[in-house]
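Before any comments, here is the structure.
Bear in mind these aren't lab numbers, they're just calculated from the coordinates by the rules spelled out. This one's a predicted model, so the numbers in the text were calculated from it and none came from an experiment. Reconstructed Cβ throughout: ideal geometry from the backbone, glycine too, with neighbour counts over all protein chains shown.
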Amino acid sequence: GQIIALRGALQAEGMDAPVLDSRLTPNTGLVYVGGRTLTVSWLERKQTDLLTRYGLDIVRITPMPGKIAVGLKRPTRAILHLADAWLRRTGETELAAQRMAPLLGEKEDDGGLCFLPLANSFAGQDTAAPHSLISGTTGSGKGILVTNLILDLCALNGPADLELYLI
C-alpha cells in the first residue's frame with residue numbers, strides 16, 4: 001500500500017523515482033528509491049505537501065550511494081519480541097567481547113541485530129561509552145529493555161566474569 005502510494009505521489013509530482021527495494025521495520029516502511037531527478041533536498045522541501053496531498057507521513061530521509069531510503073510511518077507499530085531476536089544470534093557466547101555485548105534489538109536499516117558492546121567493538125559497532133542512558137516516553141518499554149539487557153548479561157556471563165552495578 002505505502003510503496004504504491006509513494007510511487008504514485010512521486011510520479012504525480014513529476015519525479016522519475018523507481019522503487020528499488022523495500023522492507024518493513026518495526027516503526028516504518030522503508031522504501032529505497034532511485035532516479036536522476038529525485039533528491040534528498042526535494043524530498044525534505046516536499047515532506048509537508050506529500051503528507052497533506054497524499055497522506056504519506058515521511059519520518060526519515062536517508063541518502064545512500066545511488067539511492068535514497070525513505071521511511072514512511074506505519075499505521076501501527078510492529079512488536080519485535082526480544083526472544084525472537086535472541087534465537088537469531090549465532091555463536092556469540094564464545095568470546096568475552098561477544099558475551100559483553102547485550103542485544104538491544106533490530107536495526108531499522110538492514111534488519112540486522114543491534115548490540116550494546118560494553119567491552120570491545122562487536123558486530124561492526126564501536127565500544128559503547130562506560131555509561132548508557134535509556135530514555136523515552138511513559139510506556140515506551142524502557143524498563144523492559146533494561147530488564148532484558150540485565151538478563152542478557154547474566155545469561156551469558158558467570159559470576160566470576162561480571163560485576164554489575166545498578167545505580
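Any idea what the dipole of the stretch 1-125 comes to, in debye rounded to 20, about its Cα centre with Lys/Arg Cβ at +1 and Asp/Glu Cβ at -1? Intermediate results must be reported in sequence, preceding the final value.
Numbers: 15 positive and 13 negative charges, 42 e Å.
That gives the stretch 1-125 a dipole magnitude of about 200 debye.
If one takes the longest principal axis of the Cα atoms in the chain, at what angle in degrees, from 0 to 90 and to the nearest 10, does the Cα axis of helix 40-54 lie?
It is inclined by approximately 70 degrees.
Over the Cα atoms of the stretch 1-92, Rg to Rh with Kirkwood Rh, two decimal places?
Dividing the radius of gyration by the Kirkwood radius yields 1.06.
If you take the beta carbon distance between LYS73 and THR39 as r and set R0 to 30 Å, what does 1/(1 + (r/R0)^6) give as a FRET efficiency, to the nearest 0.05? Don't skip to the end; give the middle numbers.
Working: r = 22 Å, r/R0 = 0.72.
With R0 = 30 Å, the Cβ-Cβ based efficiency is 0.90.
Calculate the spin-label point distance for HIS131 paired with LEU164, positioning each point 7 Å from the Cα along the beta-carbon direction, and give it in nanometres.
Between LEU164 and HIS131, the label points sit 2.0 nm apart.
Can you tell me how the stretch 50-92 classifies by the Cα gyration tensor, rounded, prolate or oblate, using a/c under 1.5 as the rounded cut?
Details: a/c = 6.05, a/b = 1.72, b/c = 3.51.
Because a/c hits 1.5 or more and a/b fails to exceed b/c, the stretch 50-92 counts as oblate.
Between ARG23 and TRP86, how many nm apart are label points set 7 Å from Cα along the C-beta direction?
Distance between label points: 2.4 nm.
Averaging sequence separations of C-alpha pairs under 8 Å and six or more residues apart, then dividing by the length of the stretch 1-109, give the relative contact order as a whole percent.
Relative contact order here is 24 percent.
Go ahead and set up a Gaussian network model of the chain, Cα springs under 10 Å, then flag whichever of LEU113, LEU87, LEU133 fluctuates most.
LEU133
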